[in-house]
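Below: the structure, in structure tokens.
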Amino acid sequence: MSRSAAICLLLLASAACRNNDPDPRFQQASAIYQQLYATQLDDAYADPRMDEVVALLGKVNPRSIDAERAQAMLRTIQKGRVELAKERAEREKMAAAAAQSLATVQVNLDPSKMLAASEPDAGQPLDPFGPGASVADLNKQNGGCLVDNEPFKEQGTGVAGTVYRVAPSDVCRGKLPGLSGQIVLVVDGKIYRRTADPGPPPPSATAAAARSPAAGARPTPPPGGPPSAGAAQGQQPQ
């Protein structure tokens, strides 16, 4: 017998041995697989029922017409499980990184900055004479009506600077009515805080003249010389 004839006999014998009938186990496995994948897509490969599909495919008669299709489906399931495991591992890695990043952000949050940001117009000071305002800028706006006086040193904190007051003139008091009776504590050219003036300085002669145009016309002293301090204080207008 020639070699070609022998090969033909083997192929005919193999075809004769193969069962052309469909295997019901493959049909059952295929139905379950299609149902799982239609509802869960790639997540179906992690479904416990997919193990049932694998078991049924493993029992398909190797001589059945469905044998090759059963093996192809087994390879598809194995590949899907590997890819799903990689995808889930990547998801868990990204979730862990996101959780760590969120924890770091929460640790670095500054409550005082959050409160300041929640205030209306947080970027602009509501009080132009509030802490942090520049005295030089304010004097540019009001014509130099804030003048420096004596130095100060705050007890307890040790903060030191200069006391500013509104210049003793009607013009300046009209420009800065909110600072009437107050002192402005200034440190390094910036307002530290404002408080009530504990002891306003006595007005100078120049300031008194600026406040009252008639201040230059002094009254004629009574005969016998100027009155004593006590007598001046005792006099009341009629």
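The values are calculated or read from the model by the stated rules, or taken from the named source; none is laboratory data. Note that the structure is predicted; figures quoted are calculated from it, not measured. In this analysis, Cβ positions are derived from the backbone assuming ideal geometry, glycine residues included, and neighbour counts consider all displayed protein chains. Heavy atoms of the whole protein, side chains included, go into the accessibility calculation; ligands, DNA and RNA do not. Shrake-Rupley method; radii C 1.70, N 1.55, O 1.52, S 1.80 Å.
Here the strands (runs of 3 or more DSSP E) wholly within segment 138-238 that include at least 1 residues being modelled with pLDDT of 85 or more and hydroxyl-bearing (Ser, Thr, Tyr) are 160-166, 190-196. The set of residues from segment 34-63 being in contact with a helix residue (DSSP H, G or I) (Cβ under 7 Å, 6 or more places away or on another chain) and not in a helix (DSSP H, G or I) comprises Asp47, Lys59, Val60, Asn61, Arg63. Figure legend. Inter-residue proximity from segment 147-162: first residues within 20 Å of Asp137 (Cβ to Cβ), second residues at pLDDT below 85 and open to solvent by 60 Å² or more (accessible area, probe 1.4 Å), beta-carbon distance below 7 Å, spacing 6+ or different chains. Indicated pairs: Asn149/Pro201. Within segment 50-64, being within 18 Å of Glu83 (Cα to Cα) and open to solvent by 30 Å² or more (accessible area, probe 1.4 Å) holds for Asp51, Val54. Of the candidates Ala38, Ala72, Ala67, the single residue that is open to solvent by less than 60 Å² (accessible area, probe 1.4 Å), without any contact (Cβ under 8 Å) to a residue 40 or more places away in the chain and small (Gly, Ala, Ser) is Ala72.
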